[in-house]
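See structure below.
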Amino acid sequence: MKTDCPKLIMHPQQIFTKQQLWNEFIIEFQMEYRREFKRSNDNLANIKVLFYYFLNDLEFFNCENLIHAENEPSFKKGLMVVGSYGIGKSAYFKVFEKIFNKHKVLRFKGYGAKDLVKSYEVCPTPFDRSYMLDKTVRPKLFIDDINSERIASNYGNCDVIEEILFKQNEKKYMTYVTCNHTNHENNIEQTLFDLGNRYGGRMHDRFFEMFNIVVFKGKSMRR
């Protein structure tokens with residue numbers, strides 16, 4: 001990754017320089033996945049927008065895969081990263097979660113959407129179900145692969161992810177999510193429309209309040 005970008009705007013909470021974060025990312029990625037990060041143009045463009053975001057670098061607003069239409073980007077919002085299967089959405093966040101675990105200001109906790117549904121379904125009482133939802137909600141939360149989960153069934157149906165996202169928004173907490181495109185054309189407008197249908201009207205408008213919308217491009221790294 002090039003490191004000759006414009007000088008960073010410094011913030012009190014800034015912990016890493018661009019080069020320091022890049023070095024830690026490369027090491028942690030290789031340790032986690034037992035392979036080197038593939039430096040293709042698409043992969044670098046995808047990871048760059050996350051770097052700029054977490055570093056509060058104003059170059060974040062110039063990234064091509066950041067969606068501006070109908071959504072004003074802001075460092076005060078979280079991230080919704082949308083893309084095809086296998087292009088690094090989950091992997092990158094898992095690496096950042098490990099790196100940031102040592103730094104309280106940046107630390108976030110990650111869950112898989114399907115795992116959250118399973119956790120809810122094994123709760124034996126209404127109190128336990130309510131407690132499970134409340135303990136998941138936190139100032140910085142990452143939910144991986146939303147829209148892949150089923151509606152939870154536990155003495156009635158519950159859309160667990162919708163409930164958690166609503167609580168996150170209600171408390172004005174920072175939320176990061178990943179999801180796959182909902183259509184073969186990888187059309188982001190259609191994907192956002194489908195997510196709105198999936199999670200209901202009260203969440204559709206809140207998506208634009210909660211998230212910077214980022215589209216990852218490229219071929220699957222699993223091939």
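The values are calculated or read from the model by the stated rules, or taken from the named source; none is laboratory data. Only a predicted model underlies this, so the values are computations on that prediction, with no experimental measurement involved. Heads up, the Cβs are rebuilt from the backbone with ideal geometry, glycines too, and the neighbour counts pull from every protein chain shown. Quick note on the areas: whole protein, heavy atoms, side chains included, nothing else; ligands and nucleic acids left out. Shrake-Rupley method; radii C 1.70, N 1.55, O 1.52, S 1.80 Å.
Out of 159, 57, 205, any idea which swings most in a Gaussian network model of the chain, alpha carbons joined below 10 Å?
Of 159, 57, 205, the most mobile in the Gaussian network model is 205.
Which whole-angstrom value gives the distance between the alpha carbon centres of region 118-151 and region 45-87?
26
Within a Cβ distance under 9 Å of residue 198, other residues only, what is the Lys/Arg minus Asp/Glu net charge? Working shown, then result.
Numbers: positive: none; negative: 159, 162, 194.
Result for the neighbourhood of residue 198: -3.
Restricting things to alpha carbons, tell me how big region 157-223 is in terms of Rg and Dmax, in Å.
13.2, 40
Nearest 5 percent is fine: what portion of the DSSP beta bridges confined to the chain is antiparallel?
Counting only bridges with both partners in the chain, antiparallel ones make up about 15 percent.
Could you compute the net charge surrounding residue 52? Neighbours are other residues with a C-beta less than 10 Å from the C-beta of residue 52; K and R count +1, D and E count -1.
0
Between 129, 107, 35, find the one with the highest GNM mean-square fluctuation for the chain; connect C-alpha pairs within less than 10 Å.
In the Gaussian network model the winner is 35.
Solvent-accessible area per residue for the chain at a 1.4 Å probe radius, Å²? Intermediate values should be presented prior to the final figure.
Numbers: 11940 Å² over 223 residues.
For the chain, the solvent-accessible area averages 54 Å² per residue.
Round to the nearest 10 and give me the degree value, 0 to 90, for the angle of helix 18-33's Cα axis relative to the longest principal axis of the chain.
Here the helix axis deviates by roughly 60 degrees.
May I have the extent of the alpha carbons of region 15-107 along their three principal axes, as whole Å values ordered from largest to smallest?
Largest to smallest, the principal-axis extents are 39, 31, 19 Å.
Return the inverse of the average 1/r over all pairs of distinct C-alpha atoms in region 77-155, which is the Kirkwood hydrodynamic radius, in Å to one decimal.
On the way: mean 1/r = 0.0711 Å⁻¹.
Hydrodynamic radius (Kirkwood, Cα only) of region 77-155 equals 14.1 Å.
Quick check: the angle from helix 126-136's long axis to the longest principal axis of the chain, C-alpha only, nearest 10 degrees?
10
May I ask for log10 I(q)/I(0) of the chain at q = 0.07, 0.17 Å⁻¹, from a Debye sum over the Cα atoms as equal point scatterers with solvent left out?
-0.22, -1.32
Between helix 89-100 and the chain, what is the angle of the helix's C-alpha long axis to the longest principal axis, kept within 0 to 90° and rounded to the nearest 10?
So the inclination is approximately 80 degrees.
Over 32 Å between Cα atoms, which of 48/172; 167/219; 94/172 qualify?
Numbers: 48/172 26 Å; 167/219 34 Å; 94/172 23 Å.
Result: 167/219 exceed 32 Å.
Who wins for biggest fluctuation among 73, 126, 139 in a Gaussian network model of the chain, springs between alpha carbons below 10 Å?
Maximum among the listed residues: 126.
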